[in-house]
Amino acid sequence: MNGLKIYRRRLQRKRWQIRALRKRRELTSVRNVTAKIRPDDVLLFVTLRNERIRLPYFLKYYRSLGINHFLVVDNASTDGSREYLEDQDDVSVWSTDASYKRARFGTDWLNWLLRKYAIGHWTLVVDVDEFFVYPFCDTRPIRALTDWLDASSIRSFGAMLLDMYPKGPVAAQPYGDGQNPFEIASWFDSGNYQISRNEDYGNLWIQGGPRSRVFFPDTPERAPALNKVPLVKWQRKYTFASSTHMLLPRGLNFVFDEWGGEKVSGCLLHAKFLNTFVEKSAEEMERKQHFASSQEYKAYYEKISENPDLWCKWSEKYINWRQLEILGLMSKGNWA
Amino acid sequence: MSVGFVMLVHEALNRAEQVARQWASHGCPVVIHVDKPVNRQDYEGLVASLSDLDNVQFSHRRKCEWGSWSLVAATQDAATQILAEFPDVRHVFLASGACLPLRPVQELVAYLNVRPRTDFIESVTTEDVLWATDGLEAERFTLRFPFSWKRHRALFDRYVRFQRWIGFQREIPESILPHLGSQWWCLSRQTLSAILEDPDRYYYDKYFSKVWIPDESYFQTLARLYSTDIESRSLTLSKFDFQGKPHVFYDDHLQLLRRSDCFVARKIWPFSEKLYKNFLSPDVAGLGATEPNPSKIDKIFAKAVERRTTGRAGLYMHSRFPQEGFEKGKTCAPYSVFEGFSELFEDFETWLEKAVGGRVHGHLYAPERVEFVDRQPVFSGALCDSAEIRDYNSKGFLTSLIWNTRGERQSFQFGPKDNQDISWLISTDPNAQISIISGAWAIELFNSNMNFSAIKKEAGRLQRIELAHLKILRSMYTKARVRIWTMAEFVEAPMEPLQTIIDEIGQRNVRRLTEAPKMVNLDGFGQFLQNLKNQGMQAHVMGDFPTGNDTEQQVSSRRRPYLVQ
């Protein structure tokens with residue numbers, strides 16, 4: 001590792017921090033109850049747009065894991081998401097009409113809020129359609145995990161994004177308010193992931209799953225990244241580099257063992273493939289706020305609006321975290 | 001006679017209070033040491049909440065840091081106090097605030113009453129220590145450790161290295177032989193008072209105050225001087241992981257802890273409501289005189305440590321991505337690679353599947369698409385037959401396939417037309433069984449309808465690729481079970497090699513093969529090779545294929561009854 005590289009990454013980190021500082025002006029506080037946050041609280045950060053129908057289950061799920069406070073950036077929702085969130089006791093809301101894409105897909109906004117409110121806290125940064133699963137999550141609250149990580153001097157916790165999908169056309173079964181999305185999207189690909197190492201940032205780059213299989217069979221390098229580091233004990237100098245896929249300083253990305261052992265890890269069950277997505281993707285194409293500008297992504301969204309079936313006879317039906325651990329999609333590591 | 005408890009507490013005071021109350025209310029005196037950094041308010045709250053019990057006392061508060069002498073000093077204070085204040089106490093049990101009694105305290109008292117002079121303290125010599133993970137088993141007694149391991153790790157490490165380099169050695173007092181063990185012990189009054197009242201204690205203290213993690217060695221070493229009866233084990237169930245930090249128990253360990261029959265367990269996560277409620281309830285079931293049996297718990301934690309250090313062989317995932325050479329098993333199960341067989345035999349895959357079972361794939365690395373068994377578009381684990389996805393991560397494709405199909409043997413065809421990226425992987429993988437009929441790729445050219453110059457060019461290309469592949473398989477790094485035949489050799493006597501391969505796979509067939517696969521028609525193949533030679537293409541990987549009489553030979557070989565008794 002040469003000094004120049006280290007220095008360049010440091011500059012990069014500073015640049016993103018300044019950028020976050022600049023982008024904070026785009027955020028308007030709608031409801032700020034962060035004074036309620038206690039020193040030991042585990043926080044959740046999320047950016048969303050028009051996700052009203054998902055919110056009840058999302059909040060319920062994470063409250064049951066033991067998240068104490070939610071910090072939400074609402075990117076110009078028009079479906080009542082903001083109003084819904086304002087009514088919640090444990091939710092602080094910021095709103096913005098600015099471009100999601102130009103805030104590096106919300107990363108800048110979150111970097112700012114993290115810097116302001118998360119220092120010293122364990123923080124979970126997810127999307128509204130991502131559901132965090134970790135070893136023993138059915139019997140131990142998230143605080144058990146973070147206490148253990150603290151005791152082990154571990155600062156960050158990795159989770160792979162696991163795309164879940166229904167059997168049959170994606171939009172065939174409509175998702176209802178407050179429903180567990182995995183009653184519908186209960187299937188996943190158990191073993192078709194491609195992993196390589198990103199030497200620059202030290203993280204693993206994982207692609208594959210149903211999205212690669214169905215939408216990018218000819219251009220697998222374009223398939224979306226599935227590696228994430230959603231749970232971090234935040235410090236002032238930390239910053240998310242690209243969504244939650246990687247962080248700086250790069251030591252936070254070493255959530256894997258390279259000498260043959262297994263570190264503890266989890267999964268983010270991704271409840272993207274529901275009828276809501278098919279409806280939304282048309283709108284997204286219009287807004288071009290996602291990675292949608294490239295040709296491949298146009299094809300991707302077009303395919304989605306055709307309501308495809310992602311299920312195949314080798315799909316696995318989700319049961320619980322133990323199943324994922326046996327399949328090798330996550331690991332208990334030395335947490336027993 | 002009773003047992004007295006010394007409790008070292010630094011967090012979760014409410015839990016410590018519950019446990020202390022449990023012991024004290026059953027007639028066992030408790031002396032609590034509360035770490036100095038605990039704020040005054042919390043400390044006074046604890047004192048007040050236990051003030052109704054006259055057999056609970058608090059010792060002088062010290063600031064304790066893990067790995068330092070302060071922990072021993074705090075223990076000494078509290079132990080002296082309990083021996084002086086409670087003359088009835090015959091055994092002193094050292095516990096922490098994260099300890100939880102699993103059995104009624106009367107059972108512990110009864111257990112110790114039967115063994116009035118026994119000291120329960122894990123105490124082993126440094127040579128026999130298995131758990132210390134920092135490589136400082138013996139050196140902790142001979143080096144100096146002025147820097148905090150927790151706060152100044154780099155300095156700590158550097159200073160250790162420096163001392164090793166200059167060859168610094170502290171002198172160990174002559175009268176003692178260093179012993180190590182769990183810091184949670186239960187000593188008899190005789191032994192403990194002998195240690196505390198030793199006329200040389202000043203010198204021992206002085207020596208041990210600079211030993212690394214003295215709470216694991218001070219009492220463990222000195223008990224050896226005075227005890228008449230040491231049971232080298234701890235009565236506290238306490239497991240350590242590979243970094244030397246204690247495993248934590250949670251609500252879901254309830255049944256496990258119940259079945260362990262141990263007296264006290266540590267460390268309990270303070271929010272384990274169910275554990276505290278169950279084990280501190282007045283009607284916790286007694287077990288009589290059962291001996292503690294922590295082996296089940298041992299197994300679980302040993303497995304956890306193994307998972308963290310060795311992991312599951314052949315698994316590549318987002319928290320296990322070994323560097324090359326550190327995989328501890330490149331793949332997770334044995335598999336077979338066949339090169340040239342499907343070219344030489346008609347319908348070889350079907351025959352092989354009948355003979356050995358498992359899954360027999362076609363050319364998994366074929367250029368157009370992945371030829372899964374039955375040419376399925378998707379296979380186990382939802383692997384896709386797209387050649388682009390496969391080639392995007394060709395080695396990962398194979399390791400995933402083998403991982404996804406654990407418990408079912410995989411065989412596949414391979415050849416010079418396929419993506420060669422996996423050559424090194426399979427040749428260095430002990431799980432691979434590779435059988436090659438070199439030169440068999442030429443049969444396809446021989447039967448093709450290409451122009452001869454194109455055939456010649458293609459033959460040259462394929463031969464180059466195969467030679468490179470063979471070179472890898474013959475390299476000194478090869479760990480796979482490799483068998484190479486030239487085509488000429490193989491055609492001569494095909495049954496014997498086939499039998500060997502299949503015996504080695506050895507899943508279904510213990511009997512002799514009864515049915516051989518049908519060889520393709522090789523009439524004129526020798527001449528074809530000769531033509532290649534005549535045109536300047538030296539095709540030699542096939543071996544010495546007879547040119548003239550091949551027709552005759554082939555006829556006879558085709559007529560040969562493939563029934564071998």
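The values are calculated or read from the model by the stated rules, or taken from the named source; none is laboratory data. In this text the structure is predicted, and so the values were computed from the model without any measurement. A quick note on method: Cβ atoms are made from the backbone with ideal geometry, for glycine too, and the neighbour counts reach across all protein chains shown.
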**Asked** Which one of B:SER217, B:SER238, B:SER260, B:SER232 is surrounded by fewer than 20 Cβ atoms within 10 Å (Cβ to Cβ), under 29 Å from B:THR309 (Cβ atoms), in contact with a strand residue (DSSP E or B) (Cβ under 8 Å, 6 or more places away or on another chain) and not aromatic (Phe, Trp, Tyr)?
**Response** B:SER232
**Message:** For the stretch A:209-223, which positions are free of Cβ contacts under 8 Å to residues at least 60 places away in the same chain and either surrounded by fewer than 20 Cβ atoms within 10 Å (Cβ to Cβ) or not in a helix (DSSP H, G or I) (or both)?
**Reply:** A:PRO217, A:ASP218, A:GLU221, A:ALA223
**Request:** Give the residue, chosen from A:LYS228, A:LYS263, A:LYS272, that is closer than 26 Å to A:VAL170 by Cα, under 20 Å from the mean Cα position of the chain (by Cα) and assigned to a loop (DSSP other than H, G, I, E, B).
**Result:** A:LYS272
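Per-residue answers, yes or no, for (1) buried (at least 16 other Cβ atoms within 10 Å of the Cβ); (2) not in a loop (DSSP other than H, G, I, E, B):
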position	(1), (2)
A:THR47	yes, yes
A:TYR57	yes, yes
A:LYS60	no, yes
A:PHE70	yes, yes
A:ASP74	yes, yes
A:THR78	no, no
A:GLN88	yes, no
**Asked** B:ILE434 passes all but one of (1) more than 14 Å from chain A (Cβ to nearest Cβ); (2) modelled with pLDDT under 95; (3) within 31 Å of the chain's Cα centre (by Cα); which number fails?
**Response** (2)
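Kindly indicate which of B:PRO116, B:PRO101 is over 34 Å from the mean Cα position of the chain (by Cα), at pLDDT 85 or above and under 25 Å from B:ALA78 (Cα atoms).
B:PRO116
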**Asked** Is there any pair with a first residue in the stretch B:16-27 that is within 16 Å of B:VAL6 (Cβ to Cβ) and a second that is among the aromatic types (Phe, Trp, Tyr) whose Cβ atoms are under 8 Å apart and which are 6 or more apart or on different chains, and what are they?
**Response** B:ALA20/B:PHE5; B:TRP23/B:PHE5
**Message:** Would you confirm whether or not the stretch B:273-286 contains a residue that is in contact with a Lys or Arg (Cβ under 9 Å, 6 or more places away or on another chain) and within 11 Å of chain A (Cβ to nearest Cβ)?
**Reply:** no
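Answer yes if at least one residue in the stretch A:141-152 is closer than 15 Å to A:ARG322 by Cα, surrounded by fewer than 21 Cβ atoms within 10 Å (Cβ to Cβ) and either in contact with a Phe, Trp or Tyr (Cβ under 8 Å, 6 or more places away or on another chain) or in contact (Cβ under 8 Å) with a residue 40 or more places away in the chain (or both), and no otherwise.
Here is the first cut: in the stretch A:141-152, the ones closer than 15 Å to A:ARG322 by Cα are none.
No, every residue in the stretch A:141-152 fails to be closer than 15 Å to A:ARG322 by Cα, surrounded by fewer than 21 Cβ atoms within 10 Å (Cβ to Cβ) and either in contact with a Phe, Trp or Tyr (Cβ under 8 Å, 6 or more places away or on another chain) or in contact (Cβ under 8 Å) with a residue 40 or more places away in the chain (or both).
Can you find, within the stretch B:329-353, the residue that is nearest to B:ALA432 (Cα to Cα) among those that are aromatic (Phe, Trp, Tyr) and in a helix (DSSP H, G or I)? Lay out the reasoning, then the answer.
From the stretch B:329-353, those aromatic (Phe, Trp, Tyr) are B:335, B:338, B:341, B:345, B:348, B:351; that's our starting set.
Checking which are in a helix (DSSP H, G or I) leaves us with B:341, B:348, B:351.
On the way: B:PHE341: 16, B:PHE348: 19, B:TRP351: 20 Å.
Only one residue tops the list, namely B:PHE341.
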**Prompt:** Which one of these is within 25 Å of the chain's Cα centre (by Cα) and of a type in the set (D, E, K, R): B:ASP283, B:ASP252?
**Reply:** B:ASP252
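Tally time: how many residues in the stretch B:299-327 are of a type outside the set (S, T, N, Q) and either more than 11 Å from chain A (Cβ to nearest Cβ) or free of Cβ contacts under 8 Å to residues at least 24 places away in the same chain (or both)? It would help to see each step written out before you state the result.
Of the stretch B:299-327, the ones of a type outside the set (S, T, N, Q) are B:299-308, B:311-318, B:320-322, B:324-327.
Filter once more, keeping what is either more than 11 Å from chain A (Cβ to nearest Cβ) or free of Cβ contacts under 8 Å to residues at least 24 places away in the same chain (or both): B:299, B:302-303, B:306-307, B:311-313, B:317-318, B:320-322, B:324-327.
Number satisfying all stated conditions: 17.
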**Fill in**
The condition from (1) farther than 27 Å from B:ILE437 by Cα; (2) in a helix (DSSP H, G or I); (3) in contact with a Phe, Trp or Tyr (Cβ under 6 Å, 6 or more places away or on another chain) that B:PHE326 misses is numbered (2)
**Message:** I'd like to know if the stretch B:174-187 contains one or more residues that are in contact with a strand residue (DSSP E or B) (Cβ under 6 Å, 6 or more places away or on another chain), in contact (Cβ under 8 Å) with a residue 40 or more places away in the chain, crowded, with 19+ Cβ neighbours inside 10 Å and over 23 Å from B:VAL124 (Cβ atoms).
**Reply:** no
**Message:** Can you confirm whether A:PHE240 is within 14 Å of chain B (Cβ to nearest Cβ), modelled with pLDDT under 95 and closer than 24 Å to A:PHE45 by Cβ?
**Reply:** no
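Yes/no matrix, rows are residues, columns are (1) surrounded by 22 or more Cβ atoms within 10 Å (Cβ to Cβ); (2) part of a helix (DSSP H, G or I); (3) assigned by TED's automatic domain parsing to the domain that holds B:TRP149; (4) charged (D, E, K, R):
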| residue | (1), (2), (3), (4) |
| --- | --- |
| B:GLU17 | no, yes, yes, yes |
| B:ILE32 | yes, no, yes, no |
| B:GLN57 | no, no, yes, no |
| B:ALA79 | yes, yes, yes, no |
| B:LEU83 | no, yes, yes, no |
**Prompt:** Taking the stretch A:191-208 only, how many residues are facing chain B (nearest Cβ under 8 Å), more than 18 Å from B:SER386 (Cβ to Cβ) and within 19 Å of the chain's Cα centre (by Cα)?
**Reply:** 1
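Listed here are the residues, each with its yes/no results for (1) farther than 23 Å from B:TYR207 by Cβ; (2) out of contact with any Ser or Thr (no Cβ under 8 Å at 6 or more places or on another chain); (3) not assigned by TED's automatic domain parsing to the domain that holds B:ASP229.
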position	(1), (2), (3)
B:GLY97	yes, yes, no
B:ASP119	no, no, no
B:GLU139	no, yes, no
B:ARG153	yes, yes, no
B:PHE162	no, yes, no
**Asked** If we only count helices (runs of 4 or more DSSP H) wholly inside the stretch B:354-461, which ones have 1 or more residues that are over 28 Å from B:MET537 (Cα atoms) and out of contact with any strand residue (DSSP E or B) (no Cβ under 7 Å at 6 or more places or on another chain)?
**Response** B:387-392, B:394-404, B:423-427
**Fill in**
Picking from A:GLY191, A:GLY168, the residue that is surrounded by fewer than 20 Cβ atoms within 10 Å (Cβ to Cβ) and in contact (Cβ under 8 Å) with a residue 40 or more places away in the chain would be A:GLY168
**Request:** Assess whether B:GLU107 counts as being closer than 30 Å to B:SER272 by Cα, assigned by TED's automatic domain parsing to the domain that holds B:SER209, modelled with pLDDT of 90 or more and assigned to a helix (DSSP H, G or I).
**Result:** yes
**Message:** With the structure loaded, tell me whether B:THR191 is closer than 16 Å to B:LEU225 by Cβ, assigned by TED's automatic domain parsing to the domain that holds B:LEU257 and touching a strand residue (DSSP E or B) at 6+ places or on another chain (Cβ under 8 Å) or whether it fails that test.
**Reply:** yes
**Complete:** The one condition B:ALA73 fails out of (1) within 19 Å of B:LEU13 (Cβ to Cβ); (2) assigned to a helix (DSSP H, G or I); (3) not charged (D, E, K, R) is (1)
**Message:** Being touching a helix residue (DSSP H, G or I) at 6+ places or on another chain (Cβ under 9 Å), of a type in the set (Ser, Thr, Tyr) and more than 14 Å from B:GLN183 (Cβ to Cβ): is that true of B:SER217 here?
**Reply:** no
**Fill in**
Of the listed residues (B:SER400, B:SER380), the one being surrounded by fewer than 24 Cβ atoms within 10 Å (Cβ to Cβ) and either at pLDDT 95 or above or over 23 Å from the mean Cα position of the chain (by Cα) (or both) is B:SER380
